[in-house]
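Just so it is clear, none of the values below were taken in a lab; they were calculated from the coordinates. Note that the coordinates shown come from a computational prediction; the quantities given were computed from them, not determined experimentally. Virtual Cβ from ideal backbone geometry, glycine too; neighbours counted across all protein chains shown.
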Amino acid sequence: MSTYWRRPIVCECGHKGSVRRRESDWSSDEWFNLEGFAGGHLEITNGKLLPDDLLAAMTPKCPQCRRTGKASYAGNWTMG
């Protein structure tokens, strides 16, 4: 069974979105994708990234101002 988490992010222009994390009960792998922003997704196998490194690696692009890398975290992880 998988567990899903979300962490809100916000662009400097005010646009809001989130990072979505999925973790599995049967594996140490984690999957991350962006919601509300264009950009990449990540699969992390047997390791961890620091939160700021994770966001930078996904290169979020704001659909409102079209700038890349201007999003930052706006809260903590919540289940869902």
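Of everything in the range 11-35 that's more than 16 Å from THR78 (Cα to Cα) and in contact (Cβ under 8 Å) with a residue 40 or more places away in the chain, which residue is nearest to the chain's Cα centre (by Cα)?
Only one residue fits best here, namely CYS11.
Report, ordered by the first and then the second residue, all pairs with beta carbons closer than 8 Å, sequence separation of six or more or different chains, a first member in the range 36-63 that is closer than 13 Å to ARG21 by Cβ, and a second member that is among the small types (Gly, Ala, Ser) and surrounded by 18 or more Cβ atoms within 10 Å (Cβ to Cβ).
LEU55/ALA71; MET58/GLY39
Does the range 13-35 contain at least one residue that is in contact with a Lys or Arg (Cβ under 9 Å, 6 or more places away or on another chain) and part of a helix (DSSP H, G or I)?
There is no residue in the range 13-35 that is in contact with a Lys or Arg (Cβ under 9 Å, 6 or more places away or on another chain) and part of a helix (DSSP H, G or I).
Are any residues in the range 39-56 hydrophobic (A, V, I, L, M, F, W, C) and surrounded by 14 or more Cβ atoms within 10 Å (Cβ to Cβ), and if so, which ones?
LEU42, ILE44, LEU49, LEU54, LEU55
Looking at the range 1-38, which of the residues that are acidic (Asp, Glu) and closer than 22 Å to GLY80 by Cβ is surrounded by the most Cβ atoms within 10 Å (Cβ to Cβ)?
If we take residues in the range 1-38 being acidic (Asp, Glu) and closer than 22 Å to GLY80 by Cβ, then GLU30 is surrounded by the most Cβ atoms within 10 Å (Cβ to Cβ).
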